[in-house]
Every structure is written in structure tokens, then in C-alpha cells.
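Student: One structure, pasted below without further comment.
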Amino acid sequence: MDIKPSGFDHVTVGGIASVLGAAHCLGLTDDQTLQALNLGIAPNLALYQTRIGDVSMWKGCAYANASRNAVFAAMLAQRGLTGPSPIFEGDGGYFKAVSRQPFELEPFGGGDQPFKIGECSIKRFPLGQYSQTVVQAALEVREQLPAGEDIVQVDVKTLQTAINIMAGDAEKWRPTNRETADHSMPYTVAVALMYGAVDQSHFGDEYLQNQSLLDLTSRVNVSVSEEANQRAPEAMLCDLEVLTGAGQRYSSQVAYHKGHFKNPLTDAELEKKFRSLACGPLSEAQADSLLDRLWNLEKLADVGEVIRLTKF
């Protein structure tokens with residue numbers, strides 16, 4: 001069943017997954033795990049406002065906070081604390097307050113069925129999920145453009161959900177901070193077209209105050225594609241077209257970005273992304289050690305090894 005919680009951030013669902021992960025790592029019994037869910041869900045319902053408008057720094061902390069709360073809930077349950085129940089079907093529970101209707105989950109896999117984790121996608125670029133196909137399309141169009149060609153207009157057609165999150169506010173055309181910029185479809189499209197890449201550096205003040213970049217951002221138009229709506233969530237279809245000053249049109253269509261489970265990153269590409277994010281806060285040696293533990297996570301006797309290697 002397709003459940004769309006009204007007004008709640010996806011972190012609300014992610015927190016539930018984190019509780020189950022924490023419960024598994026701590027070796028909780030079934031009864032303790034049930035209490036951990038009660039303790040993790042009731043006090044940790046995250047609002048969707050986190051990801052729209054002039055996005056704040058909290059956006060980058062929201063999921064981490066949910067995971068921290070999940071570990072705390074599991075620790076409390078391990079020590080015998082009970083939580084509000086029934087947390088889903090109660091008169092004031094999840095079905096009434098969040099999903100607004102009861103639902104059942106389909107099997108996650110097992111036997112002859114693949115596990116759902118095999119359908120997880122990884123972001124290629126350090127920006128919102130729904131701009132991944134859009135930025136990839138922009139980069140593909142950039143490769144087609146003749147050198148020095150001026151861009152008069154950029155037209156992006158994609159699904160409604162992507163527009164709501166990435167291009168649904170005026171702030172997305174003139175972002176003033178990193179959090180709004182990396183969740184701005186028009187800004188990241190302009191960055192891709194102007195620089196041929198989108199990385200963490202492109203969200204600094206040097207770029208946010210670059211008038212040429214902002215002018216190009218203002219020439220990005222975004223509209224809904226009914227085909228994209230119909231293909232979601234299995235695909236995040238984007239059709240992008242650039243009109244040049246010479247009157248030429250260049251276009252690209254991307255349904256599955258590099259990193260989507262139908263177009264996965266190679267191990268080498270994944271390691272490259274990991275090091276680009278980890279090296280700096282961590283030394284190269286720390287990053288290498290952490291990466292080795294993550295590749296062999298199922299063999300670790302103590303998950304604390306991973307946590308200790310993230311200290312800097």
C-alpha cells in the first residue's frame with residue numbers, strides 16, 4: 001500500500017528502521033525490541049518542514065538525530081523501560097496521527113524473493129535525492145554544447161514530488177545557504193551546466209553570491225511530467241532541454257541516475273565518493289581503516305570499532 005504521511009518527514013519512517021537496527025546490534029529479545037519501537041516512535045515524529053522553504057542546518061542533522069534517538073530507545077528497552085502501546089493501532093497511535101490509515105508491509109524478502117535492501121539507491125552527487133537524475137541530465141547536455149555557447153533557457157520536466165521538494169519555493173532560485181542550495185533543483189542544474197560538476201565546494205559563499213551563476217539559475221524553468229509521475233517511485237524520470245543563443249536545442253532524458261539500484265555505482269566509484277567525503281575530517285589512514293570495516297561489517301564482533309574510527 002502506498003502510504004503518504006501528511007506533514008511528516010521521511011525521517012519518521014527512518015527512525016523506525018534505526019530502532020530495529022539498534023535492537024539487533026544490542027541483541028535485544030523480541031519483547032525488548034517491541035518496547036524499543038514503542039519508545040522510539042512515540043517521541044520522535046519529524047516534520048516535513050525540515051526539507052522545504054529556506055532549509056536550515058537541521059536538515060543535515062535530522063536523520064542522524066533519529067538514529068541517535070533510536071539507539072537511546074533500544075538502550076532503555078534493554079534496561080526494562082516500557083513505552084506507549086499499541087504504538088501503531090492505538091487510538092492515539094501511528095495509524096491515526098501519521099499515516100492516517102492502517103497498513104501492512106509486504107514481505108521484505110527471503111526464500112526465493114530478493115531482499116528490499118537490494119532496491120536501495122545511493123546518491124552520486126551531494127544533493128537531494130530527487131535532483132540526482134536532473135543533475136545527471138544537465139551534465140549530459142553540457143557535453144553536447146559547443147564551446148562558449150550561451151544558454152538562454154533551461155527546461156526541466158520531472159515528477160511532482162521532486163518539484164515540491166526541490167523547486168517548490170522561491171528560495172530555491174536564490175539560495176542563501178548550503179542547506180537550501182543542495183535541495184535546489186534550479187541552482188544545482190545551473191552549477192552542473194556552468195562547471196561540469198557538482199560537489200561540496202559549490203555550496204559555499206563564493207558560488208552562492210556568484211551573479212553569473214544566479215543569472216543562469218533564474219533561466220531554469222521546472223514543470224511537471226505526467227510520464228514521470230506515472231513511473232515514480234520506481235524511476236525518477238527527468239527530461240532536460242537547453243536552448244542556446246544560436247537557437248539550438250540540446251536535450252537529455254535520465255530515468256535512473258548513476259547510483260540507482262538499476263544503474264548502480266561500481267565499488268571503485270563508491271569508494272571514491274566515500275573518500276571525497278571522509279578525507280579531510282578524517283586522515284587518509286583513518287578513512288582507509290573505516291572503509292575496510294564497512295566493507296566487512298558482517299564480520300565485526302564489535303560494531304563500536306566503526307564508531308571509534310569516526311572520531312576526529
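Student: Let me have the relative contact order for the chain, percent, based on Cα pairs under 8 Å that are six or more residues apart. Walk me through the intermediate numbers first.
Tutor: Values: 477 pairs, mean separation 54.5, N = 312.
With pairs under 8 Å counted, the relative contact order is 17 percent.
Student: Can I ask one more? So what's the gap between the Cα centers of region 82-99 and region 264-312, to the nearest angstrom?
Tutor: Computed from Cα coordinates, the inter-centre distance equals 37 Å.
Student: In debye to the nearest 20, how big a dipole does region 216-285 give about its Cα centre with +1 on each Lys and Arg Cβ and -1 on each Asp and Glu Cβ?
Tutor: 180
Student: Now for a different question. Just want the answer: with Cβ charges of +1 for Lys and Arg and -1 for Asp and Glu, which residue in Gly247, Ala74, Pro186 is farthest toward the dipole's positive end in the chain?
Tutor: Farthest towards the positive pole: Ala74.
Student: Quickly work out the Thr244-to-Val13 label distance, labels modelled 7 Å from Cα along the C-beta direction, and quote it in nm with one decimal.
Tutor: Taking the two extended label points, one gets 4.2 nm.
Student: Given H placed 1.01 Å from N in the peptide plane, which residues other than close sequence neighbours of Gln153 have an amide H under 5 Å from its amide H?
Tutor: Result for Gln153 returns Leu243.
Student: Give me Rg over Rh for region 1-157, both radii from the alpha carbons and Rh done the Kirkwood way, two decimal places. List each step's numbers first, then the result.
Tutor: Values: Rg = 20.3 Å, Rh = 18.5 Å.
Here Rg/Rh amounts to 1.09.
Student: Right, here's the next one. If the cut-off is a Cα-Cα distance under 19 Å, which lysines reach Lys273, setting aside same-chain residues fewer than 8 apart in sequence?
Tutor: Lys123, Lys258, Lys262
Student: Based on the alpha-carbon gyration tensor of region 129-254 and its eigenvalue square roots a ≥ b ≥ c, which shape applies: rounded if a/c is under 1.5, prolate if not and a/b is larger than b/c, or oblate?
Tutor: Numbers: a/c = 1.72, a/b = 1.09, b/c = 1.57.
In terms of gyration-tensor shape, oblate.
Student: Report the local net charge at Val242: Lys and Arg +1, Asp and Glu -1, summed over other residues whose C-beta lies under 12 Å from its C-beta. Numbers along the way, then the final one.
Tutor: Working: positive: Arg142, Arg219, Arg249; negative: Glu140, Glu143, Glu149, Asp150, Asp155, Asp239, Glu241.
Surrounding charge for Val242 is -4.
Student: Taking the alpha-carbon distance from Lys96 and a cut-off under 19 Å, which aspartates and glutamates remain once sequence neighbours fewer than 8 residues away in the same chain are dropped?
Tutor: Asp2, Asp9, Glu104
Student: Using modelled amide H (1.01 Å from N, peptide plane; none on Pro or chain starts), what sits under 5 Å from the amide H of Val55, excluding residues fewer than 5 places away?
Tutor: So Val55 has HN proximity to Thr180.
Student: Residue by residue through region 146-160, what is 3J(HN,Hα) from phi via Karplus (6.51 cos²θ - 1.76 cosθ + 1.60, θ = phi - 60°)? Round to whole Hz and write x for glycine and proline.
Tutor: x, 4, x, 5, 7, 9, 8, 7, 10, 10, 10, 10, 7, 6, 4
Student: I've got another one for you. In nm, give the distance between the simple-model label positions of Gln253 and His24, each being 7 Å from the Cα along the Cα-to-Cβ direction.
Tutor: Going from the Gln253 label point to the His24 one covers 3.8 nm.
Student: Now, a different point. Explain nothing, just compute: Karplus ³J(HN,Hα) = 6.51 cos²θ - 1.76 cosθ + 1.60, θ = phi - 60°, for every residue of region 29-42 in order, whole Hz, x for Gly and Pro.
Tutor: Per residue, the Karplus-derived 3J(HN,Hα) values read 6, 4, 5, 5, 5, 4, 5, 4, 4, 4, 6, x, 7, 3 Hz.
Student: Step through the residues of region 58-72 one at a time and calculate ³J(HN,Hα) from phi using the Karplus curve (6.51 cos²θ - 1.76 cosθ + 1.60, θ = phi - 60°), rounding each to whole Hz and writing x for Gly and Pro.
Tutor: Whole-Hz 3J(HN,Hα) from phi for region 58-72: 4, 3, x, 9, 4, 6, 4, 5, 4, 5, 4, 5, 5, 4, 4.
None of the figures in this text is laboratory data; all of them are computed from the coordinates on show. As the structure is a prediction and not an experimental result, all values here were calculated from the model. We place every Cβ from the backbone using ideal geometry, glycine too, and count neighbours over all the protein chains shown.
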